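> Shown below is the structure under consideration.
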Amino acid sequence: MLGKEFSILVLISSIIAWPLAWLIAEDWLDTFAYRQDLSYIYFALASFISLLTAWMTITYHGIKASSTDPALALKYE
């Protein structure tokens, strides 16, 4: 459930960032004599890497939380 919520947030942020990044990159690349054309593949790859990073972070913290002893957590409260 937590992974789904974070995935939705990452995808929404990617959808918001794509047009802005496209405009900035196009404007910047126009200043070069030899320029590389932009493709949507670059933006999709960046979004996938962001999503993968979020999933790995959620997995790490989930494993860390599930492996702790509840008695130790209650002892310090």
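The values are calculated or read from the model by the stated rules, or taken from the named source; none is laboratory data. Only a predicted model underlies this, so the values are computations on that prediction, with no experimental measurement involved. Positions of Cβ are backbone-derived with ideal geometry, glycine not excepted, and every protein chain shown enters the neighbour counts.
> In this structure, is ILE15 free of Cβ contacts under 8 Å to residues at least 24 places away in the same chain, in contact with a helix residue (DSSP H, G or I) (Cβ under 9 Å, 6 or more places away or on another chain), in a helix (DSSP H, G or I) and aliphatic (A, V, I, L, M)? If you could, list the steps in order and put the result at the bottom.
Numbers: free of Cβ contacts under 8 Å to residues at least 24 places away in the same chain: yes; in contact with a helix residue (DSSP H, G or I) (Cβ under 9 Å, 6 or more places away or on another chain): yes; in a helix (DSSP H, G or I): yes; aliphatic (A, V, I, L, M): yes.
Against the criterion (free of Cβ contacts under 8 Å to residues at least 24 places away in the same chain, in contact with a helix residue (DSSP H, G or I) (Cβ under 9 Å, 6 or more places away or on another chain), in a helix (DSSP H, G or I) and aliphatic (A, V, I, L, M)), ILE15 qualifies.
> I've got another one for you. So, SER7, is that one under 13 Å from the mean Cα position of the chain (by Cα), modelled with pLDDT of 90 or more, assigned to a helix (DSSP H, G or I) and among the polar types (S, T, N, Q) or not?
No, not satisfied.
> Step by step: first the residues of the stretch 24-77, then only those that are more than 28 Å from GLU5 (Cβ to Cβ) and polar (S, T, N, Q), then the one that is farthest from the chain's Cα centre (by Cα). Which residue is that?
THR31
> Conditions: (1) of a type in the set (S, T, N, Q); (2) part of a helix (DSSP H, G or I); (3) modelled with pLDDT of 85 or more. THR31 meets all but one. Number of the miss?
(2)
> Considering LEU29, LEU51, which residue is surrounded by 11 or more Cβ atoms within 10 Å (Cβ to Cβ), of a type in the set (A, V, I, L, M, F, W, C), without any contact (Cβ under 8 Å) to a residue 40 or more places away in the chain and out of contact with any strand residue (DSSP E or B) (no Cβ under 6 Å at 6 or more places or on another chain)?
Exactly one residue qualifies, and that residue is LEU29.
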